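Data first, discussion second: the structure below is written as structure tokens.
Each reported figure results from applying straightforward, stated rules to the coordinates on display, with no laboratory input. Worth saying up front: this structure is predicted, and the values here are computed from it rather than measured. Glycine gets a Cβ as well: all are built from the backbone with ideal geometry, and neighbour counts include every protein chain shown.
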Amino acid sequence: MNEQIEKVRLFRPLWAGATASTSRNTGAAGRMLTADRSAAWYSHYAGEIEVGTLPDQMLTVDWDGMQVINSLVIDRHNLSDSSSVRHRLYSGDDEVFDSGVIQTGHPIAAGDWIAGVNFIGECYDGQMSVRTHNYFLAAPVFADRWEIDIVDPDNPDGYLRIERLPVGHARALDNNFGWRGELRYRDKTKFYDPAGGGLVVERGHRSRELAVSFGHLTARDRSWLHVQLAETKADLWFVAAYPSLGAAGGIEAMAHQFLAYRTEDLKAARLNVLFGGEAITLREA
């Protein structure tokens with residue numbers, strides 16, 4: 001059997017009891033802490049300000065009590081390749097973590113090229129239809145506030161748009177991608193052949209689906225996953241495969257990170273955890 005062991009990072013967003021605020025348009029900030037994708041947070045209206053003058057923004061997530069956190073995500077955003085973010089975590093008034101300033105865009109490596117295409121100065125992010133920024137801490141911390149500073153004055157849209165802010169305590173589980181680690185794109189587009197000829201296309205929603213099989217789990221990781229999967233299928237997960245690749249992972253890492261629901265019934269999921277049977281399938285939310 002082909003051995004290609006890689007990590008799959010999983011966590012459930014810590015949105016229960018959380019509140020969000022922003023330096024602009026705070027009334028809509030709560031939209032970033034729900035599974036509902038029908039609404040997102042916008043810093044400004046389209047055309048409200050001149051492109052190139054977008055002011056810096058601060059986003060804040062607060063909890064009533066302490067949370068264990070090692071994963072910070074800005075999901076489905078429009079931040080430009082030249083933007084930067086800075087994550088800070090607090091325990092009361094004490095700062096317990098500071099990421100420093102991070103460039104949001106991931107420059108395409110010099111050796112990663114396609115004939116006839118000039119990627120000099122371009123970023124992997126621009127090749128993706130959905131942009132997601134994540135930051136994984138080296139070690140978890142206890143915190144009750146997360147602050148995000150965003151600097152993106154030259155955003156071509158003239159505003160910031162963010163759908164969701166997944167945050168939580170992830171566990172990195174071993175999966176053999178040489179055996180089971182299939183990423184599928186579920187496309188609901190339909191085609192019709194009218195009597196008059198030609199082909200009619202009805203564009204549909206497209207979503208990702210990742211099937212993984214955790215056959216290399218330690219007893220401790222297996223017990224943890226067993227408990228987590230005992231929850232309802234309606235619970236959201238954030239999944240990130242290939243997290244060890246980091247910025248060097250390029251498209252491969254970016255394509256394998258998204259918010260998802262598991263699709264199996266409880267019995268099938270438990271059997272998988274206990275005996276390494278059928279794969280767990282995570283469908284993009």
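Tell me, what is the percent relative contact order of the range 20-99, built from C-alpha pairs under 8 Å that lie six or more residues apart?
Values: 57 pairs, mean separation 18.1, N = 80.
With pairs under 8 Å counted, the relative contact order is 23 percent.
Using the per-residue mean of other Cβ atoms lying within 10 Å as a proxy for protection, in what order, highest first, do the peptides 71-82, 93-104, 141-152 fall?
Working: 71-82: 21.2, 93-104: 12.8, 141-152: 19.0.
Descending mean neighbour count gives 71-82, 141-152, 93-104.
Please sort 35-42, 8-15 by packing, taking for each peptide the average over its residues of neighbouring beta carbons within 10 angstrom, highest first. Numbers along the way, then the final one.
Details: 35-42: 14.6, 8-15: 21.1.
The packing order, highest mean first, is 8-15, 35-42.
Over all distinct Cα pairs, what is the inverse of the mean 1/r for the range 14-170, reported as the Kirkwood hydrodynamic radius in Å?
On the way: mean 1/r = 0.0606 Å⁻¹.
Kirkwood hydrodynamic radius for the range 14-170: 16.5 Å.
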